[in-house]
Amino acid sequence: MKKSRKYFQNVVITTVVAWLVLFVFMPNLMIIGTSFLTRDDTHLVKMVFSFDNYTRLFDPLYAEVLLHSLNMAIIATLCCLVIGYPFAFILARLPEKVRPLLLFLLIVPFWTNSLIRIYGLKLFLSTRGYLNEVLLWIGIIDKPLRIMYTPEAVILGLIYILLPFMVMPLYSSIEKLDKSVLEAARDLGANKFQTFIRIIIPLTMPGIVAGSLLVMLPSLGLFYVSDLLGGAKNLLIGNVIKSQFLNIRDWPFGAATSICLTLVMGILLYIYYRVGKLMNKKVELE
């Protein structure tokens, strides 16, 4: 029995490792190698080693796209945090019988492809869409608002797609709050605002950081959101990578750009690791 169990464990581990090597490690290794090669019009890639693909990233055009992507990702993350924190807080304070239903409703949109949902949002925000029709019918506006193909439309699309990724970590952190700590704060004379700022936010900081990363990292690469809602003037770094691979056929530069995006994500994950470590030390000291 023990031998068969050990054999099964070895098979599972070997299968997982082989899968990771074939479909994660090797493709990433190929991308890294391609980023140091040269573009060729005939064979896509020429075996000539060069750093030009990385030096091109410092071109003002691509640097501006990267900064624009970071700006929109940060704004979308902050908006998701402002919307998601109160929702997660209220959800965690509701009776246990109601929570599963609301969590189910939060997860239901994931059953539909995000691309289809963006098309639905596009119809909703268009000049002749439902939003403008309702606002005109109420009398708030005299003529339709132009929302499509603006940075605001891209940010709305990112919020629409990624908000659940903010709510779930926040809900997990808020649900684990020790009620006795909150009661002790009230007994010591702290009002609700002081309790929220000095106790609740520090204790839920891991959820805040985790949710922010889960929103910010995908925001940099969701190129179809920018394509459908933002137009040509509101590009994300993911649009540049997609264009280099599929349209311009400059695979080495596309690979270098994707490596740059990976490094940015790695830096953000390292920040998350350091923040989590500092928070754990703070909790231990207290």
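Express the carbon and sulfur contribution to the solvent-accessible surface of region 1-46 as a percent, rounded to the nearest whole number, probe 1.4 angstrom. Display every interim value, and only then the final one.
Details: 2910 of 4060 Å².
That share works out to 72 percent.
Leaving ligands and nucleic acids out of the surface, order Y7, Y85, Y272, Y224 by accessible area at 1.4 Å, largest first.
Numbers: Y7 155, Y85 20, Y272 85, Y224 45 Å².
Result, largest first: Y7, Y272, Y224, Y85.
With a 1.4 Å probe and all protein chains left in place, how much accessible area per residue does region 1-57 have, in Å²? Before the final figure, lay out the partial values.
Details: 4930 Å² over 57 residues.
With the other protein chains kept in place, region 1-57 gives 86 Å² per residue.
What list of whole percents do you get for P(r) of region 96-207, with Cα-Cα distances grouped in 5 Å bins up to the one holding the largest distance?
Reading the bins upward from 0: 2, 10, 13, 13, 12, 12, 11, 11, 9, 5, 2, 0.
Considering only C-alpha atoms, what is the centroid distance from region 181-247 to region 1-66, in Å?
28
Take every Cα pair under 8 Å in region 1-97 that's 6+ residues apart, average their separations, divide by the length, and report that relative contact order as a whole percent.
Working: 25 pairs, mean separation 11.0, N = 97.
Relative CO of region 1-97 lands at 11 percent.
Non-local amide H neighbours of L177 (under 5 Å, H modeled in plane, Pro and chain starts lacking H): which ones?
none
If N is the number of residues in region 144-286, what value comes out of its Cα radius of gyration divided by 2.2 N^0.38 Å? Mind dumping the intermediate values first?
Values: Rg = 20.2 Å, N = 143, 2.2 N^0.38 = 14.5 Å.
Ratio of Rg to 2.2 N^0.38 Å for region 144-286: 1.40.
Under a 10 Å cutoff between Cα atoms, tell me which one of G157, G120, G207 has the largest fluctuation in the Gaussian network model of the chain.
G120
Taking each full run of DSSP H in the chain as one helix, which ones are at least 20 Å long along their axis (Cα atoms) and have mean Kyte-Doolittle hydropathy of at least 0.5?
Details: long enough: 2-20 (27 Å, 0.11); 60-93 (49 Å, 1.53); 151-175 (34 Å, 1.50); 205-219 (21 Å, 1.62); 251-285 (51 Å, 0.82).
Helices meeting the span and hydropathy rule in the chain are 60-93, 151-175, 205-219, 251-285.
On alpha carbon coordinates alone, what is the Rg over Rh value for region 1-152, Rh being the Kirkwood radius?
Numbers: Rg = 25.2 Å, Rh = 22.3 Å.
Dividing the radius of gyration by the Kirkwood radius yields 1.13.
Which cross-chain or sequence-distant (5 or more) residues have an amide H under 5 Å from the amide H of V45, H modelled 1.01 Å from N in plane?
Close amide H contacts, sequence-distant or interchain: D40.
Hey, if we sort W251, W137 by accessible area with the 1.4 Å probe, largest down, what's the order? Write down the numbers at each step before the final one.
Numbers: W251 85, W137 215 Å².
These residues rank, largest area first, as W137, W251.
The values are calculated or read from the model by the stated rules, or taken from the named source; none is laboratory data. Just so you know, these numbers come straight off a predicted model, no measurement behind them. Ligands, DNA and RNA are excluded from the accessible area calculation, which covers all protein heavy atoms including side chains. Shrake-Rupley method; radii C 1.70, N 1.55, O 1.52, S 1.80 Å.
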